[in-house]
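S.K.: I'd like to ask some things about the structure below.
All of the numbers you see were taken from the coordinates with simple rules; none came from a lab. Source: prediction; values computed, not measured. Here Cβ is always computed from backbone atoms with ideal geometry, including for glycine, and neighbour counts include all displayed protein chains.
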Amino acid sequence: MITIDIIETRVRGFIADIQHPKQKKKINMNDLEVQLRRLLADYFEMEGYSLFYRAIETLQAEGQLTPIQNNQFNGKIPALPLFFWVNIKVQTDKWDRLEMMKLSDQLFFSYYERHPEWQTKDEWEHILNVYAFLQSGQERKIVSVEERSLELFGHEKFLLDGDSFPEGKGFLARIGVSEEELKMVNYGEPFVFWMKQGKEIKDIQRVLIVENLSFFHTSVKLLEANQLDYEPELIIYGEGTKIERSFSFFFRMFPAKNYLFYYTGDLDAATYGIIFRLIEKYPDCCIQPALKMYRKMLECIDQRNDQKQGQTQNLKYRDAFFQWFTEEEQNRLMQLWQENKRIPQEVLNIETWRKWL
């Protein structure tokens, strides 16, 4: 005879399999019951649902499950909410405090004391790997973040921002270790650029960063015809937001000195963000919007179109961009903003450029 103990044991097993030490998981009660019925052939004969219901109530009382109150139910009697949160797994095995103290000459453990849910077996293994590295860190050479990440954590993307390894994000901050201590650097991505013919690297002073590919090619033609605003010695193809990752590569290629960087892209929310995140990240560089080009684009306001879906409309970046323009120009820019419109950079081409010559 099937007892509640068997039902409860099965349900607890399902829940344990999906419990996570750092984040809640959502579970569908009907899906869970279907899995249970597949395992128990005489589920219906033994009134399995009533036992299932009692098992869920028990787990809820223990704090393992929390109902999601959205007026959706499982369609059974007695009814259960259709969805529950599977709560964070309570960590039962804590790290040995003596072992933590042995490593505290190089690492910090205050975060783990405040957040014991991070005291996992995998996290401890990562910590031991880092500690072992630090013992001989002075003798090591500088490598890329990806190369060091593979060595210490078994995967080259562990320390990179992204969804692949959520536990890796913030790991160094948790233990109080810097990238410099691990002898690694996050290399900037190479970018496509064009140097004006007849110029050498030492001649570069003015740099134009172009957001879109079409206008990059247009800019090259205009530059070689001596018709491009600012007369830059170098044009960089920014590739949209990629320039935020690749900009640091500039300083590996070109000598250290004071450059003038002009940025040109679409007249839209995404561009405002790119420009001012670059300014914020590189405060020692002279980076500013290419106003002459944006003013030309404003003259083409009749070619405006809808903002791209999913763009974040950040008011801080918008206001920082607008302040570069006259009051009349700001009114036109605000009109675009309020209409949720944009002016694509492609309004500037070889043919339209003629009217400004």
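S.K.: For segment 97-185, calculate the relative contact order in percent as a whole number, restricting contacts to Cα pairs under 8 Å that are 6 or more residues apart.
M.R.: About 31 percent, as a whole number.
S.K.: For Val207, what is the net charge nearby, where nearby means another residue's Cβ is under 12 Å from its Cβ and Lys, Arg count +1, Asp, Glu -1?
M.R.: +1
S.K.: Set Lys and Arg Cβ to +1 and Asp and Glu Cβ to -1, take the dipole of segment 159-234 about its Cα centre, and tell me which of Leu228, Phe193, Leu182 lies farthest positive.
M.R.: Projecting each Cα onto the dipole axis, the largest value belongs to Leu228.
S.K.: Further, regarding this structure: So which residue, out of Arg12, Arg277, Arg318, gets the largest mean-square fluctuation from a GNM of the chain using Cα contacts under 10 Å as springs?
M.R.: Among Arg12, Arg277, Arg318, the largest mean-square fluctuation in the Gaussian network model of the chain belongs to Arg12.
S.K.: Follow-up question, since we're still on this one. Multiplying the sequence separation of Lys221 and Lys202 by 0.36 nm and subtracting their Cα-Cα distance, what value in nm do you get?
M.R.: Full-extension gain reported as 4.6 nm.
S.K.: Restricting the count to DSSP beta bridges whose residues both fall in the chain, what percent are antiparallel, rounded to a multiple of 5?
M.R.: 50 percent
S.K.: Given the options Ile274, Trp324, Ala41, identify the residue whose Cα lies farthest towards the positive end of the charge dipole of the chain (+1 on Cβ of Lys, Arg; -1 on Cβ of Asp, Glu).
M.R.: Looking along the dipole axis, the top candidate is Trp324.
S.K.: Out of Leu336, Leu278, Leu80, any idea which swings most in a Gaussian network model of the chain, alpha carbons joined below 10 Å?
M.R.: Leu80
S.K.: Also: From the C-alpha gyration tensor of the chain, pull out the three semi-axes of the equivalent ellipsoid (sqrt of 5λ each), sorted largest to smallest, in whole Å.
M.R.: For the chain, the semi-axes come out at 55, 32, 16 Å.
S.K.: In the chain, which whole DSSP H runs stretch at least 15 Å along their own axis (Cα) and average -1.0 or higher on the Kyte-Doolittle scale?
M.R.: Once both thresholds are applied, what remains is 4-18, 29-39, 48-61, 121-135, 213-224, 269-281.
S.K.: Between Thr312 and Arg114, how high is the FRET efficiency from 1/(1 + (r/R0)^6) when r is the Cβ-Cβ distance and R₀ = 25 Å? Nearest 0.05.
M.R.: Efficiency, rounded to the nearest 0.05: 0.20.
S.K.: Go through Gln19, Leu80, Ser50 and say which Cα lies farthest out towards the positive end of the charge dipole of segment 1-127; charges sit on Cβ, +1 for Lys and Arg, -1 for Asp and Glu.
M.R.: Projecting each Cα onto the dipole axis, the largest value belongs to Leu80.
S.K.: Turning to a different aspect of this structure: Too long at a 25 Å Cα-Cα cut-off: which of Lys221/Lys257; Lys24/Lys183; Lys141/Lys202; Lys242/Lys341; Lys121/Lys157; Lys196/Lys308?
M.R.: Over 25 Å apart, Cα to Cα: Lys221/Lys257; Lys24/Lys183; Lys141/Lys202; Lys196/Lys308.
S.K.: Follow-up. With each pseudo-label sitting 7 Å past Cα toward Cβ, what's the Tyr282-Asp5 distance in nm, one decimal?
M.R.: Each label point lies 7 Å from its Cα, and together they span 7.0 nm.
S.K.: Also, quick follow-up: Pick from Tyr49, Tyr131, Tyr294: which residue has the top mean-square fluctuation in a GNM of the chain where Cα pairs under 10 Å get a spring?
M.R.: In this elastic network of the chain, the residue with the biggest mean-square fluctuation among Tyr49, Tyr131, Tyr294 is Tyr49.
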